[in-house]
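Asks: Quick one: structure below, then a few questions.
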Amino acid sequence: MKKKVFCILALIMLCIIGAVIIPTDIRNPHIEMNAGKLALSVSTEEEDIVLFPWKDESSGIYYFFLPSFVDSNQILTGMWNRPIINWKENEIYDIETADLGNTKSYSVSFRKASVIPAMFISTESGSMDAIHANKEYEETGELMVVAGNGTTEYKGALERISGRGNTSWEYEKKPYSIKLAESQELCGLQKGKKWNLLPLWREGNKMNTKVLFDIAAVAGLRYSPESTWVDLYLNNEYAGIYLLSESISVSGGRVEIFDLEEENYALNPDLEYADRFDDGRMKGYEILNNPENITGGYLIEKDLEAYYKEETVGFVTDLGMTFSIAAPQHASKEQVKYIREYVQKIEKMLQEKDNGVLEYVDVDSFTAKYLIDEISLNFDTNITSMFFYKEKDDNLLYAGPVWDYDSALGECNAGYAEGWYVDYNNSILNKGSEFNWYAQLYEYDIFQDSVERQYRLLLPYLNELIDNTIDLYAASIKDSVAMDSLRWKNVEEDKPGNYAGFDSNVRYLKYFLCNRLNWLNDSFGVSNYTFHWNETEAEHEVLFVQEENVVKHMPVKDGQILDELPFLDEEKYLGWYFKYNDEKYRPQIPILEDTVLYAREK
C-alpha cells in the first residue's frame, strides 16, 4: 500500500534568513535533502545524525534503516507544515520533494533495528571506494557508537579503517579492521585500540562466531575474543549487522604476551624501512640490532600456502606446514629462525611420538581449542586461522586464541566440502591430508583424559546455551538481521545460511549442536546428558523442479531429512540443489521450511 506526502524543503530560504526559529519537534526524525540527496535526520540527546537510504534497484524503493535508538514511529516531512508519516513496516510512502526549485518523487519505506548499538564510521574521503578496491588501503576518519537507549558511548578519531580477511573479503558485504587513536572500551567490551568488524556473511543466523567465542571463553581458553553485535553505518549509509570483535594482536587487553615488536622498534627506529628476506623456508626483515632475549613473545598462525605467500613474515616446516607470524610484525632473521626451530622441534616430536613433546605444548589450551573445533566441526581446522603463541622465557606453546568460524556448525556454502562438516558422526581427528597435530596429541593418555574432563565441565553451559542463550541472542538481533537481509537481498550467489528464514537458521543451529553433542557424548562415554532441539508438528512442502517444471510435491514433517529423492540421470545432472542458496542437497540438512530443490544440469 502506498501513501503520498508532499514535502517542501526550503533550503534556499533557510540560507537567506540565516537565523530561524526552530520548531520544537525538530529533534524528531525528519526527511530532508542533504547535499542533493534524500536523507533522514535523526537525533539523540547529544547528537544529530544524517542517514542516507539504500535504493533497491529492482523495485526503485528507497529504504531507510533506522538504528535502535530511534523511538518514534513518526517521520516528519517538511520544514514548516511538517506533515507526519506514522510509518509502519512494509508500507511504502510516495514523497515529493522540492530542492532548489526541482521537484522529485521518491517511494520510501522504513525499517528499524534491534536494541543493539549503532556504529557510525565516517571516512576522511567520505567514500569506501578506495578501501573496497584494495583491502590494504587505509583511511582515517571518525567513529561514533550510540547505544540502543540513545546514549553516545564513544565519539572520536579513527586512526585507520581498512579491509581484512581472505575468502571473506571476496563477498559483497566486506569485513573491516579499525584502529582507534587511543585505547577505548566499545559496546561494553574491554579496552583496546584494534578492533575487527566481521560481516558474518556465511552465517544465516549471525550467531555462529559469537557462540563459539563464548564457548571458548567458558572453556578457559585465554585471550578468547570478546564480541558483540552492532548495526554498522558507513558514511551515513547502512552496511548491515556486524560482529564487533577484539582483534587478534599482541597489545594491551588482547594477547597479553611480551611485545617483541616494540623492542625491535626501540632498537631499530627505522624498522619499517628495513630490507626483507625470503629463502623459501623463512621470510622476514633484515634487522641490524636484535634484542638479547628473543624467546618471545610470538603470535603465529597456521595458514594456507596461498595466504602465506602474501605475508611478509613466516616460515615453512619440514612437513610443508606454513605459518605466518602475526607478532612481531617485523621479525628479524634470527627471530624467524628461533620460532621456526621451536615449532619444528614440536612437529618432529609429534611425528616420532616422543613423550618429550608434553614439555613443549600446553595441554590445557590445546585441549580447549580442540574441543571448540571438534564441537563446531570447523572446516578450517588444520588448514588456516589456527593461532598459537609463545611467551618470553616460557618453554610452552599455547593454542589460541580462537578465530574464524564462518565455516563451522554445519554451514554449507562451500561446495568443495561435499558435506564433510555437516556429518555429525565425523571427527576432526580424521580430517585433512596434512599433519594433524590434534590427532597426534590424541595418542597421549594425558591429552585424552584432559579432553574428556574439560568436555564434561562444558556440558552444563552447552545445555544452557541450547535451551536459553541461543533464543535470547536471536531475539536481540532478529530485527537487525531482517534489515541486513533486505539490504543484501539482491546478491544472487553465496547467500548466507542453509535456509531463507532467520528462524529456520536459528533452529538449525540447535539441531546441529544437539546431533553433534549427542555423538560426542557417545564418543566420550557420557551417559547422563542427551540434548534435544525444538522440533514441531508442522509440515513443509518440498517442490522438485526439473527444467522449470515441478515434477514432484512432497510433504515433509518439520525436522525430517529426505531419505529418497526423485531419480535423475547422472550423465546429465549434478544432483538436486537448493533454489535458495544454490547448494547441493545433503541428507544432513533437515527440512525446516517450505523448500524448492531444482535439478542442476552439468
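Asks: Can you name the number of the only condition in (1) out of contact with any strand residue (DSSP E or B) (no Cβ under 9 Å at 6 or more places or on another chain); (2) assigned to a loop (DSSP other than H, G, I, E, B); (3) surrounded by fewer than 23 Cβ atoms within 10 Å (Cβ to Cβ) that A408 fails?
Replies: For A408, the exception is condition (3).
Asks: Need pairs with beta-carbon distance below 6 Å; first residue in a loop (DSSP other than H, G, I, E, B) and within segment 67-80, second modelled with pLDDT under 85 and open to solvent by less than 10 Å² (accessible area, probe 1.4 Å); sequence gap 6+ or separate chains.
Replies: Filtered contacts from segment 67-80: G78/C7.
Asks: Which residue, of I121, I85, I116, is at negative phi and touching a Leu at 6+ places or on another chain (Cβ under 6 Å)?
Replies: I121
Asks: Give N490, N498, N534 a once-over and let me know the one that is modelled with pLDDT under 95, touching a helix residue (DSSP H, G or I) at 6+ places or on another chain (Cβ under 7 Å) and either open to solvent by 30 Å² or more (accessible area, probe 1.4 Å) or not in a loop (DSSP other than H, G, I, E, B) (or both).
Replies: N534
Asks: Now, a different point. Can you tell me which of (1) touching a strand residue (DSSP E or B) at 6+ places or on another chain (Cβ under 6 Å); (2) modelled with pLDDT of 95 or more; (3) within 30 Å of D445 (Cα to Cα); (4) not small (G, A, S) is the one V343 doesn't meet?
Replies: Among (1) touching a strand residue (DSSP E or B) at 6+ places or on another chain (Cβ under 6 Å); (2) modelled with pLDDT of 95 or more; (3) within 30 Å of D445 (Cα to Cα); (4) not small (G, A, S), the lone unmet condition for V343 is (1).
Asks: Quick test of your reading of the structure: K210 fulfils all but one of (1) open to solvent by 40 Å² or more (accessible area, probe 1.4 Å); (2) under 21 Å from V255 (Cα atoms); (3) among the basic types (K, R). Name the failing condition by number.
Replies: With (1) open to solvent by 40 Å² or more (accessible area, probe 1.4 Å); (2) under 21 Å from V255 (Cα atoms); (3) among the basic types (K, R) applied to K210, the lone miss is (1).
Asks: Please work out if K337 is basic (K, R), part of a helix (DSSP H, G or I) and at pLDDT 95 or above.
Replies: For K337, the condition - basic (K, R), part of a helix (DSSP H, G or I) and at pLDDT 95 or above - is met.
Asks: Further question: Whether any residue in segment 128-147 is in contact (Cβ under 8 Å) with a residue 40 or more places away in the chain and on the phi > 0 side of the Ramachandran plot is what I want to check.
Replies: No, there is no match, as no residue in segment 128-147 is in contact (Cβ under 8 Å) with a residue 40 or more places away in the chain and on the phi > 0 side of the Ramachandran plot.
Asks: Which one is surrounded by the most Cβ atoms within 10 Å (Cβ to Cβ) among residues in segment 126-171 that are assigned to a helix (DSSP H, G or I) and of a type in the set (A, V, I, L, M)?
Replies: Filtering segment 126-171 for residues that are assigned to a helix (DSSP H, G or I) and of a type in the set (A, V, I, L, M), the one surrounded by the most Cβ atoms within 10 Å (Cβ to Cβ) comes out as I131.
Asks: Determine whether N196 is in a loop (DSSP other than H, G, I, E, B) and modelled with pLDDT of 95 or more.
Replies: Against the criterion (in a loop (DSSP other than H, G, I, E, B) and modelled with pLDDT of 95 or more), N196 does not qualify.
Asks: Which ones in segment 131-183 are modelled with pLDDT under 95, within 28 Å of E310 (Cβ to Cβ) and β-branched (V, I, T)?
Replies: T167, the sole residue that qualifies.
Asks: Hey, another quick one. Give me the pairs: first residue in segment 397-411 and of a type in the set (V, I, T), second residue open to solvent by 10 Å² or more (accessible area, probe 1.4 Å) and outside any loop (DSSP other than H, G, I, E, B), beta-carbon distance under 8 Å, and six or more apart or on different chains, which are they?
Replies: Going by the 8 Å Cβ cut-off, the qualifying pairs are V402/F387.
Asks: For residues that are in contact (Cβ under 8 Å) with a residue 12 or more places away in the chain and in a helix (DSSP H, G or I), tally how many sit in segment 266-276.
Replies: Going through segment 266-276 one residue at a time, the tally reaches 3.
Asks: Can you report the number of residues in segment 422-462 which are part of a helix (DSSP H, G or I), more than 23 Å from Q344 (Cα to Cα) and open to solvent by less than 50 Å² (accessible area, probe 1.4 Å)?
Replies: The total comes to 8.
Asks: Continuing with this model, one more query. Taking segment 342-363, which residues are surrounded by 15 or more Cβ atoms within 10 Å (Cβ to Cβ), part of a helix (DSSP H, G or I) and either within 35 Å of the chain's Cα centre (by Cα) or touching a residue at least 40 places away in the same chain (Cβ under 8 Å) (or both)?
Replies: Y342, V343, Q344, K345, I346, E347, L350, V357, L358, V363
Asks: Something else now. Step by step: first the residues of segment 1-57, then only those that are at pLDDT 90 or above and among the acidic types (D, E), then the one that is surrounded by the fewest Cβ atoms within 10 Å (Cβ to Cβ). Which residue is that?
Replies: Looking at the filtered set, the residue picked out is E57.
Asks: Of the residues that sit in segment 288-305 and are in contact (Cβ under 8 Å) with a residue 60 or more places away in the chain and of a type in the set (A, V, I, L, M, F, W, C), which one is farthest from E359 (Cα to Cα)?
Replies: Taking the candidates together, the pick is L304.
Asks: Do the conditions hold for A368, that is, is it assigned to a helix (DSSP H, G or I), aliphatic (A, V, I, L, M) and either modelled with pLDDT under 95 or closer than 24 Å to L212 by Cβ (or both)?
Replies: It is true that A368 is assigned to a helix (DSSP H, G or I), aliphatic (A, V, I, L, M) and either modelled with pLDDT under 95 or closer than 24 Å to L212 by Cβ (or both).
Asks: Scan (1) open to solvent by 40 Å² or more (accessible area, probe 1.4 Å); (2) closer than 20 Å to L441 by Cβ for the single condition Q329 breaks and write down its number.
Replies: Status for Q329: all satisfied but (2).
Asks: From the set of residues in segment 293-323 that are acidic (D, E) and outside any helix (DSSP H, G or I), which is most open to solvent (accessible area, probe 1.4 Å)?
Replies: So, considering only residues that are acidic (D, E) and outside any helix (DSSP H, G or I), the one most open to solvent (accessible area, probe 1.4 Å) is D318.
Asks: Return a yes/no flag: does segment 86-100 have any residue that is in contact (Cβ under 8 Å) with a residue 12 or more places away in the chain, in a strand (DSSP E or B) and more than 26 Å from G60 (Cβ to Cβ).
Replies: So far as segment 86-100 goes, no, none of its residues is in contact (Cβ under 8 Å) with a residue 12 or more places away in the chain, in a strand (DSSP E or B) and more than 26 Å from G60 (Cβ to Cβ).
Asks: So L592 fits all but one of (1) touching a Ser or Thr at 6+ places or on another chain (Cβ under 6 Å); (2) within 23 Å of V211 (Cα to Cα); (3) open to solvent by 30 Å² or more (accessible area, probe 1.4 Å); what number is the exception?
Replies: Just one mismatch for L592, condition (3).
The values are calculated or read from the model by the stated rules, or taken from the named source; none is laboratory data. Owing to the predicted nature of the structure, the values given are computational and were not obtained by experimental measurement. Quick reminder, even Gly has a Cβ in these numbers, built from the backbone with ideal geometry, and neighbours come from all protein chains shown. In case anyone asks, the SASA skips ligands and DNA or RNA and just uses the protein heavy atoms, side chains included. Shrake-Rupley method; radii C 1.70, N 1.55, O 1.52, S 1.80 Å.
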